[in-house]
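The structure appears right after this line, and notes come after that.
The values are calculated or read from the model by the stated rules, or taken from the named source; none is laboratory data. Worth saying up front: this structure is predicted, and the values here are computed from it rather than measured. Positions of Cβ are backbone-derived with ideal geometry, glycine not excepted, and every protein chain shown enters the neighbour counts.
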Amino acid sequence: MWAGSSAWESAALARQRPRVQIPPGPPVHSFSNPNGDGTKVNKLGAVVFVEVELLKELVSIPSHFGKEKKISEFIASFLESYAKVEIQEVEGFGNNVIAYLKGVKDTVVLNGHMDTVGLGNGWTKNPWGQVEGDRFYGLGSADMKGGLAALMSAFVGIAKLSRRERPNVIFTAVVDEEGYSRGAWELIRSKKLDKADVVLVGEPTNEKLMLGARGRFVIQIEAFGRKAHAARPEQGINAIEELSKLLANLGKIRKKKHRKLGAGSFCTLEIYGKADGLSVPEYAKAIVDKHTVIGEDWEFVKRAIEKLVQKLDIKAQLKIEKFKRPTPEMLPYRVRENLKVVKMFKRVFKRRTGREVEITHGKSVGDFNYFGTYLGKPTLVFGPIGGNWHSADEWVSISSVKRVKGIYVEFLKALVWT
Ligand SMILES: [Zn+2]
């Protein structure tokens with residue numbers, strides 16, 4: 001299995017269909033004696049990097065959200081050799097994997113999601129893994145199996161240290177991030193992370209440190225007009241046209257601006273309406289995405305839309321509702337830059353790379369929103385360089401995965417020194 005990258009590569013290339021079967025019995029990996037630097041020497045005498053081998057393995061296992069069973073089994077069996085592992089059932093949506101290391105001082109949660117979006121069209125590389133130079137191509141390679149591999153190998157690296165040399169670490173791999181974040185929500189709801197002092201998420205940030213993100217909810221707007229013969233439209237109220245007028249003007253709503261997160265945004269995602277034959281349509285419906293910044297909640301946004309409706313003199317009756325989702329809405333959050341853990345992360349980054357880390361804030365949402373708000377802990381997002389997330393020929397930089405892993409390890413160690 002771990003016969004070194006070239007053998008693995010040719011096997012991956014030869015394999016057109018995904019390998020979904022995890023061999024039963026003892027774990028498929030053989031990382032029991034990695035070198036101190038996170039590498040190990042394989043049977044052929046070549047040095048392989050744990051994080052790179054893990055990346056290959058993770059990408060070779062399809063894990064569309066809702067179908068994370070195999071990958072969660074692999075991750076659990078891999079970590080079992082190093083730590084106490086717990087499987088957390090997310091009812092009807094697979095299992096989260098949680099692994100615990102006891103240490104001293106702070107408690108750090110390492111988090112990554114196991115799921116990917118679906119396999120779209122247009123792939124020219126093997127979506128289950130293909131190496132080309134420094135790029136590792138594959139579905140979910142950047143989002144976020146590269147980060148997950150780095151987190152797992154950092155966890156394993158830290159597991160080899162004595163208790164006094166490391167913080168308490170809770171590694172978490174979750175399901176359904178690309179769906180409704182049911183995995184992250186279950187973790188928070190179960191209170192297993194309540195002792196956390198900091199959460200480190202390995203989403204791909206191109207090695208920038210993300211200290212906050214906008215939030216999001218979805219709005220459903222229904223328009224009720226009045227039917228009339230289409231030849232005499234003035235006698236009716238056209239629900240489609242009235243609703244369109246509103247949608248076309250949503251951008252005019254004055255935006256709340258946040259110093260770090262920027263401004264919120266509206267985007268119409270879906271529209272439906274149909275006349276009954278040659279009639280003025282009496283019903284239309286639209287689904288609108290609303291990204292929010294701190295200070296923009298549902299009531300605020302609803303009031304702003306209602307004001308716009310009045311200003312535009314919309315004649316149809318409107319029903320404006322927040323679209324219901326199975327988990328709580330994603331709220332915006334921000335991490336203060338003067339926190340001890342942030343300063344420490346910056347120092348570690350500089351020590352490893354020789355330059356200052358770039359600070360960024362997320363335009364869109366992810367599980368990190370839950371950790372930053374409902375869990376209410378400082379949530380740092382930092383992950384490898386990659387490209388084509390959620391599209392064909394997604395890739396992650398192999399050297400970046402290695403570098404990111406090194407930074408994770410040093411950050412964890414640094415939490416104990418100070
Ligand atoms: Zn992601």
Exercise. If you take the residues of the stretch 387-413 that are surrounded by 24 or more Cβ atoms within 10 Å (Cβ to Cβ) and not hydrophobic (A, V, I, L, M, F, W, C), which of them is nearest to the ligand (Cβ to nearest atom)?
Worked result: 394
Exercise. Would you pick out the residues in the stretch 393-418 that are modelled with pLDDT under 95 and aromatic (Phe, Trp, Tyr)?
Worked result: 417
Problem set entry | Where residue 393 falls short, out of the listed (1) acidic (Asp, Glu); (2) assigned to a strand (DSSP E or B); (3) touching a Pro at 6+ places or on another chain (Cβ under 9 Å) | (2)
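Looking at 290, 285, 319, 311, which is the one that is in contact (Cβ under 8 Å) with a residue 40 or more places away in the chain, outside any loop (DSSP other than H, G, I, E, B), exposed (fewer than 12 other Cβ atoms within 10 Å of the Cβ) and not aliphatic (A, V, I, L, M)?
319
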Exercise. Looking at residue 40, is it modelled with pLDDT of 95 or more and under 18 Å from residue 402 (Cβ atoms)?
Worked result: no
Problem set entry | Members of the stretch 85-118 that are aliphatic (A, V, I, L, M) and either within 16 Å of residue 177 (Cβ to Cβ) or within 16 Å of the ligand (Cβ to nearest atom) (or both) | 90, 97, 98, 109, 110, 114, 117
Problem set entry | Residues located in the stretch 217-238, provided they are among the small types (Gly, Ala, Ser) and over 20 Å from residue 302 (Cβ atoms) | 225, 228, 230, 231, 236
Seminar exercise, completed: All conditions in (1) within 15 Å of the ligand (Cβ to nearest atom); (2) out of contact with any helix residue (DSSP H, G or I) (no Cβ under 6 Å at 6 or more places or on another chain) are true of residue 373 except (1)
For this session: Mind listing whichever residues of the stretch 296-339 are in contact with a strand residue (DSSP E or B) (Cβ under 7 Å, 6 or more places away or on another chain) and either small (Gly, Ala, Ser) or within 29 Å of residue 91 (Cα to Cα) (or both)?
Result: 298, 316, 321, 322, 323, 329, 330, 331, 332, 333
Seminar exercise, completed: Restricted to the stretch 133-144 and to residues being outside any loop (DSSP other than H, G, I, E, B) and more than 10 Å from the ligand (Cβ to nearest atom), the residue farthest from residue 96 (Cα to Cα) is 135
Exercise. Is there a residue in the stretch 315-324 that is at pLDDT below 95 and either farther than 26 Å from residue 216 by Cα or of a type in the set (S, T, N, Q) (or both)?
Worked result: no
